[in-house]
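*Asks:* Just passing along the structure, written as structure tokens.
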Amino acid sequence: MQQSFINELKAIVGEQYILSDKESLAVYGYDSTPEIESLPGAVLLPCTTDEIVRIMRLCFDAGETVTPRGSGTNLSGGSLSAGGVVIQTSRLNRLLEIDEENLTATMEPGLITSTLHRAVESRGLFYPPDPGSMNISTMGGNVAENSGGLRGLKYGVTADYVMGLETILANGDLLRTGGKVVKDVAGYSLNPLLVSSEGTLGLFTGITVKLIPKPQGKITMLAHFPALQDAALAVSAIIAAKVIPATLEFLDKVTIKCVEDYAHVGLPLDVDAVLLIEVDGHPVVIAEEAAAVAEICKKHRCSSFQTAKDAAEALKLTEARRTALSALARLKPTTILEDATVPRSCIAAMLKIIQDSAKKHNVTIGTFGHAGDGNLHPTCLTDERDKDEIKRAHAAFSEIFDAAIAMGGTITGEHGVGLAKKKYLPKLVGESGIRVMRGIKQAFDPKGILNPGKIF
Amino acid sequence: MDYVKLINCMRCGMCLPACPTYKETFLETASPRGRVALVRKLQEGGLEQSERLLEYLSLCLDCQACASACPCGVNAGELVAEFTCERKTETGLGFMEDMILRKLVPHPDRLETSMAPMRMYQRSGLQKLVRTLGILKMFPKPLERMEGLLPTLPARPLRQEIHEVTPAIGTEIGTVGFFLGCVMSLIFSDASRATITLLSSLGYKVITPKKQVCCGAPNMLGGDLAGLKEAALTNVEIFGDYEVDFIVTDCGGCGAELKKYAHYIEGDAASAFSSKVRDISQVLSLHSEKLRAKLTELPLKATYHDPCHIAHCQGIRKEPRDLLKLVPGLEYIELESADACCGSAGTYNIVKPEMSDQILKRKLDTIRFSGAQVLVTSNPGCLLQLKKGLADHLPEVKIMHLTEVLAQSLAG
């Protein structure tokens, strides 16, 4: 990047908040995605919307690319830039308002997801989306990736909560979409388009989300299954019985061992799978639901069924589950995580395909995930230095994606396409899908400067 | 350095919210994940060992909160410390480092003598004069900070005052060796005296070998691995002469270092030594019912700050809290982010004053918010840093070592 251009950027954010030394650029060359690295030209940490507008105008005029980044926990390479400007939003992290009359919260994009959780819950309100990385992920990133989480089954994903956005467009113009109104049919619905746009359509500077009343109670349960398939069938049976738990998480044997090694929460090491189940709501209702869940698990041959005795124990279990992906890295240095998603009635079939694929290609795959919403995370445990094994891992995943598509599922449930799944997207959405997406991109960003090279 | 340890980091970012310097800066270079990446790039040849790179790494407090937070078992703090130590081993010790780490620290007598002028300075009224006149402003900044951090020294170091053997009170239930940390002996002698009182009143015979030397933590910090090994060998040999059930310390930093001796030096004696090392809270917790029966009313609102060397390096969190809750009349308040570093971190508060002050401020805010009258902790570094911080910004809050609180309740 030209020094004169860097100087112009410096004039906007100040010397302290622009990084262009090679050591800094090296550590902004990655996010949480394995195997992908790409060095940016400069990293900026602005602290106001006005600074972002000025940066965008400057880049637009110069034809320089801009990639937004929060805490860099992206799992599809979406926050990486090849030589361009990275805007890290961490300093724009204010929670601007909790509106108890309209049940909304408004914030800047750098706000950490769990900080929002704590703030609204202290007022008896609830913001459900809870991605695994919620203790560090930013709300801007959650919106851009349409993050899901453990509570997706009952409460949906980020898109279901975004009501209003303030977005800076490629040329620096400000776009306001939605707001605090529940009903709004004026023109195209742009919010859903911007949510999950992965930084390719604009940069969020303001986010308004819907809040709901905090559930009065919850019961957290853990069922042990000696046979993997029984656990999968129990998942479908619970949903078929019209019980919708807030959380219905699956962990296989490999994952259980890694999580237990780190978290020491008393997970069983002698079973093939566990289900972590949480029902929430009115105390009378959840007592009934918990009983129904226990009954179904027993019918599906669970060997043990525990109920967390208090909130602290429940929290320990769900927090332990959140560490699953990282804990798997205890076994091997490289973990390649996927999030193929299928209609939830197909969970058992999908698990079988994952197992068969792993065997066929001679790779170790640990599987965990949001079984209740069909979103599994098969994770290949490998070593980036073993090129042959990496090749086999990708071959296995390619098969798994094909199977997911054939079942009416998708190649990514919550991590985004980014760079990592780009090549699989045409298979899923077809030529017309790609053409429409390109048209939308063209309308928002004719010069193609916003997070280029991502999605398609 | 073991390359596999570096590539085990899968960059999930779980360490970021735990890292005090990331929280202050939001910079990837100031995060555990970033530091591991920098060392890795250096090993792979993608980066050279530049001044800037070393500067970035030097911002690490080595508080190891990242290790507690890491599900994959990477200890970024330790990796950076190891890297720094290895590098310094290659370049050799400077004149001052050699003077301090080799000629002073390993010799308790010299160390104690070196403090005598400071004691005289404080007691003669010279300190008051110097502070009033602002004379320290004429000296380099680090000197002024050091002077400010140092509380009034006890008349004599504890090592010179206590007997080698303190008998058990009542029926003897066992024997412990007491590892008396240098800073505890020189500065916080009241706390270590309280430790001995507690142990003996529970029925332990307490042996405090006069010949023990510094644990070697300053050598590790200064990149003097050989000095550390020498200290370890000396202490293992000295304590090997006594039959003890445990080797107890009331200094978090010493405890963390002593437990690692078996990692630095080979042999059964070192393993036996390290396996006997306990933080004082671990030993007292074994006798909590007996202790509870002896404690008397102490009406205090107290909160507890986890020293990094106890919570993150030794994994001890429950015992100190449980002990405080034994004290009748004591209202225990949990501190928010109790296990976040206070910014002391060895000599960090002297060499990185600005970052240290920012981190301290965050800690003081949580203490203020807790409403506690007394802040309890159990590591001399934290005691120094927080004592100064409280005196400057929150004078109504007192600071005490865990054993001081318990001994006060014991005395009634």
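The values are calculated or read from the model by the stated rules, or taken from the named source; none is laboratory data. Not measured: the values here are computed from a predicted model. Positions of Cβ are backbone-derived with ideal geometry, glycine not excepted, and every protein chain shown enters the neighbour counts.
*Asks:* So A:Cys59 clears everything in (1) facing chain B (nearest Cβ under 10 Å); (2) buried (at least 23 other Cβ atoms within 10 Å of the Cβ); (3) more than 28 Å from the chain's Cα centre (by Cα) except one condition, right? Which one?
*Replies:* (1)
*Asks:* Checking B:Gly73 against (1) of a type outside the set (A, V, I, L, M); (2) in contact (Cβ under 8 Å) with a residue 60 or more places away in the chain; (3) over 19 Å from A:Ser32 (Cα atoms), only one condition comes out false. Which one?
*Replies:* Going through the list (1) of a type outside the set (A, V, I, L, M); (2) in contact (Cβ under 8 Å) with a residue 60 or more places away in the chain; (3) over 19 Å from A:Ser32 (Cα atoms), B:Gly73 breaks only (3).
*Asks:* Among what's in the stretch A:27-41 and is in contact with an Asp or Glu (Cβ under 9 Å, 6 or more places away or on another chain) and at the interface with chain B (Cβ under 8 Å from one of its Cβ atoms), pick the residue that is farthest from B:Ser50 (Cα to Cα).
*Replies:* In the first step, residues of the stretch A:27-41 are kept if they are in contact with an Asp or Glu (Cβ under 9 Å, 6 or more places away or on another chain); the result is A:27-30, A:34-35, A:41.
Restricting the remaining residues to those that are at the interface with chain B (Cβ under 8 Å from one of its Cβ atoms) gives A:27-28, A:30, A:34.
Working: A:Val27: 15, A:Tyr28: 18, A:Tyr30: 21, A:Pro34: 27 Å.
Per the stated criteria, the residue is A:Pro34.
To keep it simple, each residue is scored yes or no on (1) at the interface with chain B (Cβ under 9 Å from one of its Cβ atoms); (2) at pLDDT below 95; (3) under 18 Å from A:Ser197 (Cβ atoms).
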position	(1), (2), (3)
A:Val43	yes, no, no
A:Gly63	no, no, no
A:Pro68	no, no, yes
A:Gly77	no, no, yes
A:Ser81	no, no, yes
A:Arg91	yes, no, no
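*Asks:* Regarding the stretch B:257-264, can at least one residue be identified that is among the basic types (Lys, Arg) and part of a helix (DSSP H, G or I)? Step through it out loud before you land on a result.
*Replies:* Let us first name the residues in the stretch B:257-264 that are among the basic types (Lys, Arg), namely B:259-260.
Filter once more, keeping what is part of a helix (DSSP H, G or I): none.
Looking for residues that are among the basic types (Lys, Arg) and part of a helix (DSSP H, G or I), one finds none in the stretch B:257-264, hence no.
*Asks:* For the stretch A:326-364: of the residues being of a type in the set (Asp, Glu) and out of contact with any Pro (no Cβ under 6 Å at 6 or more places or on another chain), which is farthest from A:Thr73 (Cα to Cα)? Walk me through it before giving the result.
*Replies:* Of the stretch A:326-364, the ones of a type in the set (Asp, Glu) are A:338-339, A:356.
Those left that are additionally out of contact with any Pro (no Cβ under 6 Å at 6 or more places or on another chain): A:339, A:356.
Numbers: A:Asp339: 15, A:Asp356: 30 Å.
Within the stretch A:326-364, the match that is farthest from A:Thr73 (Cα to Cα) is A:Asp356.
*Asks:* Can you tell me which condition A:Lys154 does not meet? The list is (1) in contact (Cβ under 8 Å) with a residue 40 or more places away in the chain; (2) not in a helix (DSSP H, G or I), and all the others hold.
*Replies:* All conditions pass for A:Lys154, except number (2).
This table checks each residue for (1) over 30 Å from B:Lys229 (Cβ atoms); (2) in a loop (DSSP other than H, G, I, E, B).
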position	(1), (2)
B:Ser275	no, no
B:Glu289	yes, no
B:His309	no, no
B:Tyr332	yes, no
B:Ser356	no, no
B:Ala372	yes, yes
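*Asks:* How many residues does the stretch B:382-405 hold that are in a helix (DSSP H, G or I), closer than 29 Å to B:Lys294 by Cα and either in contact with a helix residue (DSSP H, G or I) (Cβ under 6 Å, 6 or more places away or on another chain) or without any contact (Cβ under 8 Å) to a residue 60 or more places away in the chain (or both)?
*Replies:* The qualifying residues number 3.
*Asks:* Could you tell me how many of the residues in the stretch A:391-429 are among the small types (Gly, Ala, Ser), touching a His at 6+ places or on another chain (Cβ under 6 Å) and surrounded by fewer than 20 Cβ atoms within 10 Å (Cβ to Cβ)?
*Replies:* So in the stretch A:391-429, the residues among the small types (Gly, Ala, Ser) come out as A:393, A:395-396, A:398, A:403-404, A:406, A:408-409, A:413, A:416, A:418, A:420.
From what is left, the residues that are touching a His at 6+ places or on another chain (Cβ under 6 Å) are A:395-396.
Those still in the list that are surrounded by fewer than 20 Cβ atoms within 10 Å (Cβ to Cβ) too: A:395.
Looking only at that region, the number is 1.
*Asks:* Moving on to the next point. Given B:Met115, B:Met96, which one is touching a residue at least 60 places away in the same chain (Cβ under 8 Å), more than 14 Å from every other protein chain (Cβ to nearest Cβ) and under 27 Å from the mean Cα position of the chain (by Cα)?
*Replies:* Details: B:Met96 fails: touching a residue at least 60 places away in the same chain (Cβ under 8 Å).
Being touching a residue at least 60 places away in the same chain (Cβ under 8 Å), more than 14 Å from every other protein chain (Cβ to nearest Cβ) and under 27 Å from the mean Cα position of the chain (by Cα) holds for just one of B:Met115, B:Met96, which is B:Met115.
*Asks:* Return a yes/no flag: does the stretch A:6-25 have any residue that is within 13 Å of chain B (Cβ to nearest Cβ), within 24 Å of the chain's Cα centre (by Cα), farther than 25 Å from A:Gly172 by Cα and modelled with pLDDT of 95 or more.
*Replies:* no
*Asks:* Please indicate, with yes or no, whether at least one residue in the stretch B:80-87 is over 25 Å from B:Phe179 (Cα atoms), touching a strand residue (DSSP E or B) at 6+ places or on another chain (Cβ under 9 Å) and touching a residue at least 40 places away in the same chain (Cβ under 8 Å).
*Replies:* Looking for residues that are over 25 Å from B:Phe179 (Cα atoms), touching a strand residue (DSSP E or B) at 6+ places or on another chain (Cβ under 9 Å) and touching a residue at least 40 places away in the same chain (Cβ under 8 Å), one finds none in the stretch B:80-87, hence no.
*Asks:* Only residues that are in contact with an Asp or Glu (Cβ under 9 Å, 6 or more places away or on another chain), in a helix (DSSP H, G or I) and of a type in the set (A, V, I, L, M, F, W, C): list them for the stretch A:355-383, please.
*Replies:* Result: A:Ala371, single match.
*Asks:* Let me confirm something: among A:Val271, A:Val279, A:Val284, A:Val259, which residue is more than 27 Å from the chain's Cα centre (by Cα), β-branched (Val, Ile, Thr) and within 23 Å of A:Gly152 (Cα to Cα)? It would help to see each step written out before you state the result.
*Replies:* Details: A:Val271 fails: within 23 Å of A:Gly152 (Cα to Cα); A:Val279 fails: more than 27 Å from the chain's Cα centre (by Cα); A:Val259 fails: more than 27 Å from the chain's Cα centre (by Cα).
Going through A:Val271, A:Val279, A:Val284, A:Val259 in turn, the sole match is A:Val284.
*Asks:* Here is a further query. Return the residues of the stretch B:301-314 that are under 14 Å from the mean Cα position of the chain (by Cα), farther than 17 Å from B:Lys363 by Cβ and not hydrophobic (A, V, I, L, M, F, W, C); say none if nothing qualifies.
*Replies:* Scanning the stretch B:301-314 gives a single hit, B:Gln314.
*Asks:* Pull up the stretch B:32-68, narrow it to residues that are within 22 Å of the chain's Cα centre (by Cα) and either facing chain A (nearest Cβ under 9 Å) or outside any helix (DSSP H, G or I) (or both), then point me to the one that is surrounded by the fewest Cβ atoms within 10 Å (Cβ to Cβ). Show your work before the answer.
*Replies:* From the stretch B:32-68, those within 22 Å of the chain's Cα centre (by Cα) are B:32, B:57-68; that's our starting set.
Retained after the next criterion (residues that are either facing chain A (nearest Cβ under 9 Å) or outside any helix (DSSP H, G or I) (or both)): B:59-64.
Values: B:Leu59: 20, B:Cys60: 27, B:Leu61: 24, B:Asp62: 25, B:Cys63: 28, B:Gln64: 24.
Checked the stretch B:32-68; the qualifying residue surrounded by the fewest Cβ atoms within 10 Å (Cβ to Cβ) is B:Leu59.
*Asks:* Exactly one condition in (1) under 15 Å from B:Ile207 (Cβ atoms); (2) out of contact with any Phe, Trp or Tyr (no Cβ under 8 Å at 6 or more places or on another chain); (3) outside any helix (DSSP H, G or I) is not met by B:Pro299; state its number.
*Replies:* (1)
*Asks:* Follow-up. I'd like the full set of residues that are hydroxyl-bearing (Ser, Thr, Tyr), more than 7 Å from chain A (Cβ to nearest Cβ) and within 27 Å of the chain's Cα centre (by Cα), limited to the stretch B:1-31. Talk me through it step by step, then tell me what you get.
*Replies:* Filtering the stretch B:1-31 for residues hydroxyl-bearing (Ser, Thr, Tyr) gives B:3, B:21-22, B:25, B:29, B:31.
The next check asks that each one be more than 7 Å from chain A (Cβ to nearest Cβ); those that pass are B:3, B:21-22, B:25, B:31.
Listed by number, the residues that qualify are B:Thr21, B:Tyr22, B:Thr25, B:Ser31.
*Asks:* Here are some residues: A:Thr364, A:Thr379, A:Thr334. Which one is surrounded by fewer than 23 Cβ atoms within 10 Å (Cβ to Cβ) and within 16 Å of A:Ser32 (Cα to Cα)? Break it down into steps so the answer makes sense when it comes.
*Replies:* On the way: A:Thr364 fails: within 16 Å of A:Ser32 (Cα to Cα); A:Thr379 fails: surrounded by fewer than 23 Cβ atoms within 10 Å (Cβ to Cβ).
A:Thr334 is the lone residue from the list that is surrounded by fewer than 23 Cβ atoms within 10 Å (Cβ to Cβ) and within 16 Å of A:Ser32 (Cα to Cα).
*Asks:* Among the numbered criteria (1) closer than 24 Å to A:Arg344 by Cα; (2) in a helix (DSSP H, G or I), which one does A:Lys391 miss?
*Replies:* Unmet for A:Lys391, out of (1) closer than 24 Å to A:Arg344 by Cα; (2) in a helix (DSSP H, G or I): (1).
*Asks:* Could you tell me whether any residue of the stretch B:133-147 is touching an Asp or Glu at 6+ places or on another chain (Cβ under 6 Å) and under 28 Å from B:Phe188 (Cβ atoms)?
*Replies:* First, pick out the residues of the stretch B:133-147 that are touching an Asp or Glu at 6+ places or on another chain (Cβ under 6 Å): B:136.
Within this subset, residues satisfying the condition of being under 28 Å from B:Phe188 (Cβ atoms) are B:136.
Checked the stretch B:133-147: at least one residue is touching an Asp or Glu at 6+ places or on another chain (Cβ under 6 Å) and under 28 Å from B:Phe188 (Cβ atoms).
*Asks:* Name the helices (runs of 4 or more DSSP H) wholly within the stretch B:178-253 that hold at least 3 residues that are surrounded by fewer than 21 Cβ atoms within 10 Å (Cβ to Cβ) and in contact with a helix residue (DSSP H, G or I) (Cβ under 7 Å, 6 or more places away or on another chain)? I'd like the intermediate steps shown before the answer.
*Replies:* On the way: elements: B:182-186, B:189-201, B:217-221, B:225-240.
In the stretch B:178-253, B:189-201, B:225-240 are the helices (runs of 4 or more DSSP H) which contain 3 or more residues that are surrounded by fewer than 21 Cβ atoms within 10 Å (Cβ to Cβ) and in contact with a helix residue (DSSP H, G or I) (Cβ under 7 Å, 6 or more places away or on another chain).
*Asks:* Would you be able to tell me the number of residues in the stretch A:404-423 that are touching a residue at least 24 places away in the same chain (Cβ under 8 Å), more than 24 Å from A:Gly156 (Cα to Cα) and out of contact with any Ser or Thr (no Cβ under 7 Å at 6 or more places or on another chain)? Show your work before the answer.
*Replies:* Restricting attention to the stretch A:404-423, the residues satisfying the condition of being touching a residue at least 24 places away in the same chain (Cβ under 8 Å) are A:404, A:407-422.
Narrowing further to those that are more than 24 Å from A:Gly156 (Cα to Cα): A:419-420, A:422.
Checking which are out of contact with any Ser or Thr (no Cβ under 7 Å at 6 or more places or on another chain) leaves us with A:422.
Total meeting the criteria: 1.
*Asks:* Is it the case that A:Lys183 is without any contact (Cβ under 8 Å) to a residue 24 or more places away in the chain and among the basic types (Lys, Arg)?
*Replies:* Values: without any contact (Cβ under 8 Å) to a residue 24 or more places away in the chain: yes; among the basic types (Lys, Arg): yes.
Yes: the conditions hold for A:Lys183.
*Asks:* What number of residues within the stretch A:1-54 satisfy the criterion of being out of contact with any helix residue (DSSP H, G or I) (no Cβ under 6 Å at 6 or more places or on another chain), touching a residue at least 60 places away in the same chain (Cβ under 8 Å) and not in a loop (DSSP other than H, G, I, E, B)?
*Replies:* So the answer is 5.
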